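Contents: one structure, followed by commentary.
The values are calculated or read from the model by the stated rules, or taken from the named source; none is laboratory data. What you are looking at is a predicted structure, and each value in this text was computed from that prediction instead of being measured. Quick reminder, even Gly has a Cβ in these numbers, built from the backbone with ideal geometry, and neighbours come from all protein chains shown. For the accessible areas, the whole protein counts, side chains as well, though only heavy atoms, and no ligand, DNA or RNA atoms are used. Shrake-Rupley method; radii C 1.70, N 1.55, O 1.52, S 1.80 Å.
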Amino acid sequence: MASPNIKEVKDLLNNRLEEVCRHLLPGGTTKNGAYLIGDVHGAPGKSMSIKLNGSNRGVCNDFAEQGDGFDVIELWAKNRSIPIGGRNGDASVMSEACQFLGLTHESLSVKPKKIPQKGLGSLSGSEWHQKFKDRKISDDVLRKYGIRLFTDKDAINRSKNEHFVAFPFKTRDKELVRIKAEGLNLVDGKKEYNGSSTPYSTLFGWNIVTDTATSIIIVEGEKDMLTLAMFCESIPVLCMPNGVQDLKWITNDWDSLQCMLNIYILTDNDNAGDKCAESIAKRLGMDRCYRLLVDKKYNDINECHMKEGWSNEKTIELLNNKKDFRPKTIITFTDLREKIHEFNTSKDYQDRNDNFFLKNFRFSIKPGHLIIITGETHHGKTEMANQMLLSELISGKQCAMVSLDQPDFEMASYIYNQLLGHKPTNLDESIYCEKWLDDRIKFVGKDRSIKNINDMKNDLNYLIKRDNVKTILIDGLGWLAQKKDYERQEDITEELKIFAKETNASVMLIHHINPTAVNENGYRTMNDMMGGKRIPVIAYDVMIMNRNNVKEGQQPRGYINMDKQKHCNFGKPRLQVDFHQHARLFSNVGDTSLSKGIIEYEKTMKNTNDNEPF
């Protein structure tokens, strides 16, 4: 990974959190899933706690100091007394953390030339000062951004305007690198600009951004910036240097932008604004960018302020209603509601009775591992994968599903079965499942729209970074390559293994057994999988589903066989499945009297110790 942004660095540090704590704070102790130390500088004691596990992993709380918790990036900055970002050679969290992680941290920014501060005068009492008052822009915010009057006589004499306002562009180090001057009146219906002879493209307002800031708002124009800044003290507001047409500032400001966890984009409500916002998000990372939108009856925020007034409350509402740049191929259970209900009431669904769940078992998959789940058709590959996925959900992990072998709504329906312990009998039960799952699982590949592995990895990367997804289920390998293209299947398996390792995600891949393969011992092995022989060799773990079609009362009904398990020193563990004791085979009458679903076991599962991960 070359030149990662701060969000990527934060995720990687959280994956090695205890190691980070011992690196920065070597005198601490570990207790009950937390690292305890006296303070951010490593003093003896236990008044500061750093969560090592769970949904609050990486949250630091110093109980001796008042204030909210902070993350591992701020911990590093406080411990070392350095800024989050800086140029090559400067001490910063980005440079030190990248060195700790073994990553490259290179500057892509073009260092600007410092220019002399001349041709600037007081704004007070000028016609421009009155214009800002007419725009309801306060003197305090004008002083904050250093807005001045442009007084360069030679430049003004060459212009058609007599009065210009100056926007002095400064770096985070407070160095002046550009002066942009705007004329008071339009010339031939257009604004007249003046200022630096060789304008440097950079966001206006970097000088107000502190060394510890990790969020910014980028707006399209100076007046919108000044308006919003009056009512937004918690997040610095910056503006583009030349509107939506010029994005050269992204390259010039790259180092500072890479230090931002959250980037909010507020462009005008028009096609140009929409395209610009999307272009910025694609360049800076769609997982950390959000779109802010004012009421559509106004073109921009200053117009809204002029007509009905802006306020702190409206700023909070603006931020709360932010829109993400989620790829359209990523959907939720709510998006599938109608299709799921239609399928649940279909004859094809009602006639199926091969879904099961193992109510007394909890599964945990090792991060960074690729596990293949295989078996013959209708032997329970997908149901087993769903069982494992639901165990991950109950432990608090965010998950993603890529349903290629069957429609997404069918796969969702089968998850509902295992969640309830029976087929949903009405729409209310389906909506109950939908709400429980909606914030926990995302579907990638709407209507099996994923055409290649790169598209799939892009969507999954987005979910890993934005939604903190930890576990991924892909069904199945045959759809990502031609079924008879064995070499390509091997290559894709290798790519998924590398993807799991690089993202530290747990990846489950469903693949088919060759139906023509014959085994003397009566059950399948990993060597019976379809495709190239390297596929089981590449995976860390291989699970085989073997279900016997035997008469009632005969044993065993089936095996779950771990045919390969990395770091396993006790052979190939095999779990014998007796459906009368361990599993529930659903009937088509919706009988709920014999067993309850996985949701009923959520509380007890959370209180049990994790099993050894595969």
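Side notes on the structure shown:
- Flag for residue 454 being open to solvent by 10 Å² or more (accessible area, probe 1.4 Å) and modelled with pLDDT under 90: yes
- Tally of residues being among the small types (Gly, Ala, Ser) and open to solvent by less than 10 Å² (accessible area, probe 1.4 Å) across segment 237-252: 0
- Residue 383 being open to solvent by 10 Å² or more (accessible area, probe 1.4 Å) and of a type outside the set (Lys, Arg): yes
- Verdict on residue 372 being more than 21 Å from residue 239 (Cα to Cα), open to solvent by less than 70 Å² (accessible area, probe 1.4 Å) and not aromatic (Phe, Trp, Tyr): yes
- Neighbours by Cβ (under 7 Å, 6+ apart or cross-chain): first from segment 73-88, within 22 Å of residue 51 (Cα to Cα) and modelled with pLDDT of 90 or more; second open to solvent by 80 Å² or more (accessible area, probe 1.4 Å) and aromatic (Phe, Trp, Tyr): none
- The residue list 26, 4, 83, 44 contains one member that is open to solvent by 30 Å² or more (accessible area, probe 1.4 Å) and within 28 Å of residue 285 (Cβ to Cβ), which is 83.
- Checking segment 505-525 against the condition returns a match, with at least one residue being open to solvent by 40 Å² or more (accessible area, probe 1.4 Å), part of a loop (DSSP other than H, G, I, E, B) and either modelled with pLDDT of 90 or more or touching a Ser or Thr at 6+ places or on another chain (Cβ under 9 Å) (or both).
- Matching residues, segment 195-206, being touching a residue at least 24 places away in the same chain (Cβ under 8 Å) and either open to solvent by less than 10 Å² (accessible area, probe 1.4 Å) or in a loop (DSSP other than H, G, I, E, B) (or both): 196, 199, 200, 201, 202, 203, 204, 205, 206
Every residue, every condition in (1) assigned to a loop (DSSP other than H, G, I, E, B); (2) within 30 Å of residue 85 (Cβ to Cβ), yes or no:
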site: 114; (1), (2): yes, yes
site: 125; (1), (2): yes, no
site: 133; (1), (2): no, no
site: 136; (1), (2): yes, no
site: 149; (1), (2): no, no
site: 160; (1), (2): yes, no
site: 168; (1), (2): no, yes
site: 172; (1), (2): yes, yes
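- Elements of type helices (runs of 4 or more DSSP H) contained in segment 424-480, each with 2 or more residues being touching a helix residue (DSSP H, G or I) at 6+ places or on another chain (Cβ under 9 Å) and closer than 15 Å to residue 508 by Cα: 453-466, 477-480
- Residue in segment 253-292 that is surrounded by the fewest Cβ atoms within 10 Å (Cβ to Cβ), counting only those that are of a type in the set (A, V, I, L, M) and outside any helix (DSSP H, G or I): 261
- Among the residues making up segment 166-194, those that are crowded, with 19+ Cβ neighbours inside 10 Å and over 41 Å from the mean Cα position of the chain (by Cα) are 183, 194.
- Among (1) in contact with a Leu (Cβ under 8 Å, 6 or more places away or on another chain); (2) within 21 Å of residue 178 (Cα to Cα), the one test that residue 221 misses: (1)
- Residue match in segment 315-325 (condition: over 21 Å from residue 229 (Cα atoms) and open to solvent by less than 30 Å² (accessible area, probe 1.4 Å)): yes
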